[in-house]
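Below: the structure, in structure tokens.
The values are calculated or read from the model by the stated rules, or taken from the named source; none is laboratory data. All values reported here derive from a predicted model rather than from experimental measurement. Here the Cβ positions follow ideal geometry from the backbone for every residue, glycine too, while neighbour counts run over all protein chains shown.
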């Protein structure tokens with residue numbers, strides 16, 4: 001026991017300078033952390049590490065996050081490292097945000113992002129719609145280039161590779177898929193509605209109807225009204241639209257212009273992208289969302305007018 005204890009106190013390789021990424025997930029137990037450390041070769045014995053962590057008093061103090069550990073670190077050094085705080089920071093990007101909103105989130109979390117430069121790079125590289133909503137571990141010292149590269153790599157993995165077969169079979173181009181998915185993302189509150197709405201919008205596109213979606217008007221107004229310096233006080237998605245708003249002079253005005261707008265209006269999640277790739281065939285041509293977010297569909301303009309009267313104009 002004496003020799004076993006002394007042997008496991010030593011680093012795996014005291015001469016190594018290699019750094020290995022190690023993630024502590026939220027809710028991971030000491031046993032899970034120990035087994036994961038052993039699995040990637042950072043410690044010699046999970047049992048020894050658990051006992052040592054208990055004796056050292058760090059067993060219940062491990063913090064979730066991503067760390068860069070070395071094979072030359074002793075169990076003591078690893079124990080103390082895991083309670084000091086991660087090298088990376090968890091960032092969550094929710095579905096349906098504009099690129100500016102995503103940039104603002106990184107600024108609020110203390111990352112070195114300049115909103116003007118962020119907007120410029122997103123526009124130049126056509127990244128709207130490709131800033132994939134997900135939870136990310138971002139290095140605390142990451143600059144704008146690295147952040148966008150991390151998001152881009154995830155988009156490549158989750159969408160371009162993960163949906164490669166569906167994208168190849170689809171008649172729409174990737175840009176058209178992302179543009180339509182961004183509209184579906186903003187128009188549908190519930191996953192169950194997305195494939196139906198995608199089907200309705202595709203019906204309109206095929207018959208050269210204007211899409212007439214409020215989300216594109218919101219995007220156009222937000223773009224027009226919000227300056228890059230207004231930060232989080234800016235209302236990028238105005239809720240109440242007037243008749244004059246529906247006449248806004250913008251290529252994103254889907255009431256005045258037929259076909260898809262010139263690009264994505266937000267960054268859609270996987271379910272909205274899948275809805276466009278696998279839409280529900282439907283004979284509906286109209287839809288509205290009532291005050292509780294419940295969708296009501298119609299086949300004719302008369303049915304649609306009745307739905308508007310019943311669900312939007314009455315108390």
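Within region 24-76, track down each residue that is part of a loop (DSSP other than H, G, I, E, B) and under 29 Å from the mean Cα position of the chain (by Cα).
25, 26, 27, 28, 29, 40, 62, 63, 64, listed by residue number.
Please determine whether any residue of region 222-245 is under 22 Å from residue 176 (Cα atoms), assigned to a helix (DSSP H, G or I) and at pLDDT below 95.
Yes - at least one qualifying residue is present in region 222-245.
With respect to residue 139, is the statement that it is outside the structural domain of residue 68 (by TED's automatic domain parsing) and modelled with pLDDT under 90 true?
Yes; evaluated as a whole, the condition is true for this residue.
So how many residues does region 10-30 have that are closer than 23 Å to residue 60 by Cβ and surrounded by 13 or more Cβ atoms within 10 Å (Cβ to Cβ)?
Residues meeting the conditions: 5.
Give, as residue ranges, the helices (runs of 4 or more DSSP H) completely inside region 141-193 that count at least 2 residues that are in contact with a strand residue (DSSP E or B) (Cβ under 8 Å, 6 or more places away or on another chain).
Because the criterion is at least 2 residues that are in contact with a strand residue (DSSP E or B) (Cβ under 8 Å, 6 or more places away or on another chain), the helices (runs of 4 or more DSSP H) in region 141-193 that meet it are 144-155, 174-187.
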